[in-house]
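Worksheet for the structure shown next.
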Amino acid sequence: MSEVIDCDLAIIGAGVAGALPAVELADEASIVFIEAGPRIDRHTALDLYWNALVKTPETPYPGAPLYPHPIAGRNDAWYVQRGPEPFRATYLRAVGGTTWHWLGTALRFVPDDFRLATRFGRGVDWPLTYDELEPWYSKAEAALGVAGDATDDLGSPRQQPFPLPPIPMSYCDKVFAEALEDYDIGPVRPTPQARNSIPYQDRPVCCGSASCIPLCPVQAKWDATVPLDQAEAKGARILESSVVVGLETAADGRITLALVQRSDGSRFQVRAKVFVLAAHGIESPRLLLHSASERYPTGLANRSDQVGRNLMDHLINHSSALSKDPVWPYRGPISTAGIERPRSGSFRAERSAYRIEIGNDGWAWPAGAFVWAVNDTAQAGLRDEAFKRALYDESVRHIRIGCMHEQLPNPENRIELATDQLDHYGVPRPAVSYRIGDYERAGLAASHLQHAEIFRRIGATDVTHTQGYFDAGHIMGTARMGKDPDSSVVDRNLCAHDHKNLFILGSAVFPTSAAANPTLTIAALSLRAVGAIRESLGRSGD
Amino acid sequence: MRRRTLLAGCATLALAGSAGLAVLLKPADPLQRFINRSEALTGMSDLDPKLAATLMAAFEADNQPEPDDAALLTAWYSGVIVGEWPWQQVTYRDALIWQVLTFTHPLGVCGSAFGAWADPPEA
């Protein structure tokens with residue numbers, strides 16, 4: 001008989017989605033987080049980042065093999081790729097989750113993102129409207145400490161100002177803004193971001209480390225360890241390095257137990273009144289599928305057969321160039337401005353919407369560290385002052401823009417269990433089937449032309465457009481919410497249709513992807529779900 | 001080859017304490033030759049002997065006892081030994097590139113006062 005831990009609320013996954021409700025509920029309920037990955041030490045992570053030749057988002061967080069996760073540039077490191085195209089989005093398993101290496105962009109979705117089917121005949125509508133979510137966006141902005149300029153709502157009407165004044169646009173942003181003034185794609189605007197412009201939540205202001213991805217050295221960038229610390233201070237427990245390998249149910253459909261295994265093979269169980277599954281877009285459906293039983297032969301919460309399906313990411317194409325005059329990149333946050341208007345319009349009947357991000361990171365991505373620029377200059381035969389002058393003169397003109405496109409839900413894009421390939425814990429690795437469609441390809445083609453025109457207008461040279469697309473690492477859709485239990489996994493309060501004490505939080509519940517970074521919407525939905533979770537806790541004695 | 005590796009190793013050890021410095025920096029010393037050549041190539045006159053010893057040892061370990069000029073320059077400026085893949089990152093924050101790109105700093109290190117990025121860097 002293994003050890004049993006009892007609590008009111010068990011939260012599987014210590015990331016943004018699970019942490020925010022815990023802060024709200026920790027005063028009234030005993031809470032236990034079960035987190036697959038370890039705690040991260042910021043200084044250790046920084047050292048790993050500095051010392052690594054190839055600096056990817058995962059560099060500071062080496063989890064494998066005990067806490068396996070995908071790794072940029074190594075498509076088969078964790079996923080079993082079933083094609084036809086590789087799925088490359090990565091995430092972390094750690095206390096704090098993937099917010100360790102998020103950029104911090106904290107955009108709201110726009111109203112049409114919630115009614116794509118009604119407005120454009122594409123995808124599905126969400127079971128709630130922008131107006132219903134709006135107050136929760138405000139609460140999410142306060143929780144994450146979003147810095148922004150409320151004089152332009154960027155297409156998302158707002159009742160409250162931003163909690164923090166805006167992060168100033170970079171000099172590079174202003175060069176773009178001026179050159180594009182007469183271009184009708186919409187204005188260059190400062191990006192709302194969860195980054196301190198004033199001290200907030202006992203965290204300092206941004207010190208311009210230019211390393212938001214993969215980590216902020218001073219935690220000016222919000223990450224989920226902020227609410228986790230708050231929840232712990234209120235009595236919540238975090239069991240790290242503990243992998244949930246199965247969920248058990250009672251005859252009435254309630255979840256009764258989480259079966260947990262530590263990396264050393266020892267096991268224990270967590271018994272709770274209510275369970276929150278907040279392990280992100282791959283691990284949440286993987287656990288539901290792996291928890292299949294006689295009662296639920298296709299897995300938990302899966303009456304609709306939608307668990308694991310409709311996998312989406314945002315597709316990114318980057319273009320880099322040399323500006324006409326110096327813009328002095330590699331300073332400040334990695335991005336401080338963008339063009340938001342292309343995120344919606346009648347064209348969405350035909351092709352993906354997208355947002356345009358202006359980078360302050362020059363050619364650091366995707367070319368990597370400066371070693372390539374240095375080596376090329378050395379190989380070209382330049383020496384001494386000429387060498388230094390060439391490096392300087394070119395680096396001050398490195399510019400990058402990127403477009404982040406929406407992807408339609410497709411039930412054939414899915415996570416399944418690779419039953420013949422087990423991980424360290426004996427659980428099948430995630431098998432991924434993935435492709436993009438004509439809608440996304442048309443969006444990529446449109447933004448490609450737009451990139452070229454933007455560079456033409458600012459007089460850039462040495463233009464390079466990336467071929468194909470990159471992943472944004474925004475994993476969405478694999479436990480979609482909806483009104484109909486036969487076509488969706490959770491209801492509008494994120495409660496599983498099939499299990500009245502199971503809530504699924506995170507971007508897995510997004511019915512469609514929109515064209516904005518998902519974290520603020522994850523946070524707003526999680527805070528909105530608190531009321532329903534509280535009700536479920538109150539009902540659990542019935 | 002073996003002797004050079006040993007010497008480089010000794011250099012690293014010796015430099016951990018300042019007493020070894022005077023002995024090590026005789027012109028005939030391989031490390032001093034390495035430094036002399038590096039200073040001529042980089043146009044820098046005050047290269048860190050400790051980093052020089054580390055780079056020299058790393059080249060030895062990479063089977064490049066006599067790195068060509070481009071490889072040596074790249075090592076000093078980027079901190080990376082370019083050779084067999086995967087290249088070896090020896091230092092990041094001490095790479096000379098950060099002395100050249102005076103408008104920025106090693107990424108991951110606090111770079112400026114809040115908002116300084118909104119304007120051109122001070123000359």
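Coordinate-derived values only; no laboratory data. Note that the coordinates shown come from a computational prediction; the quantities given were computed from them, not determined experimentally. Positions of Cβ are generated from backbone atoms using ideal geometry, with glycine treated the same way; all protein chains shown enter the neighbour counts.
Near the amide H of residue A:238, within less than 5 Å, lie the amide hydrogens of A:33, all on another chain or at least 5 residues away, with H placed in the peptide plane. Rounded to the nearest 20 debye, the dipole magnitude of segment A:41-190 is 680 debye, with +1 charges on Lys and Arg beta carbons, -1 on Asp and Glu beta carbons, and the Cα centre as origin. Which of the listed residues, A:381, B:110, A:10, is farthest toward the dipole's positive end in the protein assembly as shown, when Lys, Arg count +1 and Asp, Glu count -1 at the beta-carbon? Working it through, the farthest residue towards the positive pole turns out to be A:10.
Here segment A:126-239 is treated with +1 on each Lys and Arg Cβ and -1 on each Asp and Glu Cβ, and its dipole about the Cα centre works out to around 640 debye. Here the 3J(HN,Hα) profile of segment A:518-526, calculated from phi with Karplus coefficients 6.51, -1.76 and 1.60 at θ = phi - 60°, is x, 4, 5, 6, 4, 5, 5, 5, 5 Hz, Gly and Pro shown as x.
Seen from residue A:259, the other residues with C-beta closer than 9 Å to its C-beta sum to a net charge of 0, counting Lys and Arg as +1 and Asp and Glu as -1. Taking the charge dipole of segment A:312-412 about its Cα centre, with +1 at Lys and Arg Cβ atoms and -1 at Asp and Glu Cβ atoms, the residue from A:345, A:371, A:390 reaching farthest to the positive side is A:345. List the lysines whose alpha-carbon lies under 26 Å from that of residue B:50, not counting same-chain residues fewer than 8 positions away? Once the sequence-local lysines are set aside, what remains near residue B:50 is A:55, A:388, B:26. Take each residue of peptide B:77-88, count the partner chain Cβ atoms within 10 Å of its Cβ, and average: the result is 4.
Neighbour counts of other Cβ atoms within 10 Å put A:268, A:370, A:87 in the fewest-to-most order A:268, A:87, A:370. Cα gyration tensor of segment A:212-325, axes a ≥ b ≥ c as square roots of the eigenvalues: rounded (a/c below 1.5), prolate (a/b > b/c) or oblate? Because a/c hits 1.5 or more and a/b fails to exceed b/c, segment A:212-325 counts as oblate.
For chain A, the list of Cys residues with no other Cys C-beta under 4.7 Å reads A:7, A:172, A:206, A:212, A:216, A:403, A:495.
Cα extents for segment A:1-115 along the principal axes, largest to smallest and rounded to whole angstrom: 47, 46, 33. Selection among A:245, A:354, A:446 by position relative to the dipole of chain A gives A:446 as farthest towards the positive end (Cβ unit charges, Cα centre). Modelled spin-label separation between residue A:4 and residue A:389, with each label point placed 7 Å from Cα along the Cα-to-Cβ direction: 7.9 nm. Applying 1/(1 + (r/R0)^6) with r as the Cβ-Cβ distance of residue A:51 and residue A:198 and R0 = 22 angstrom yields a FRET efficiency of 0.10. Close amide-amide hydrogen proximity is noted between residue A:353 and A:406, each under 5 Å apart and 5 or more residues distant or on a separate chain (H modeled in the peptide plane; Pro and chain starts excluded). Starting from the exponent 0.38 and prefactor 2.2 Å, build the expected Rg for the protein assembly as shown from its residue count and divide its actual Cα Rg by it. The protein assembly as shown yields a ratio of 1.01.
The amide H of residue A:80, built 1.01 Å from its N in the peptide plane, has A:431, A:432 as neighbours under 5 Å, considering only residues 5 or more places off or on other chains. For segment A:345-351, 3J(HN,Hα) computed residue by residue from phi via the Karplus equation (6.51, -1.76, 1.60; θ = phi - 60°) reads x, 4, 4, 5, 5, 10, 8 Hz, glycine and proline entered as x. Legend: mean number of C-beta atoms from other chains within 10 angstrom of residue C-beta atoms, peptide A:375-386, equals 5. For the protein assembly as shown, the dipole from Cβ point charges (+1 on Lys and Arg, -1 on Asp and Glu) about the Cα centre works out to 460 debye, to the nearest 20. Derived scalar couplings between HN and Hα for segment A:501-509 equal 10, 10, 10, 10, 10, x, 5, 4, 7 Hz in order, rounded to whole Hz, by the Karplus curve 6.51 cos²θ - 1.76 cosθ + 1.60 (θ = phi - 60°), x for Gly and Pro. Between residue A:456 and residue A:41, residue separation times 0.36 nm minus the direct Cα-Cα distance comes to 144.9 nm.
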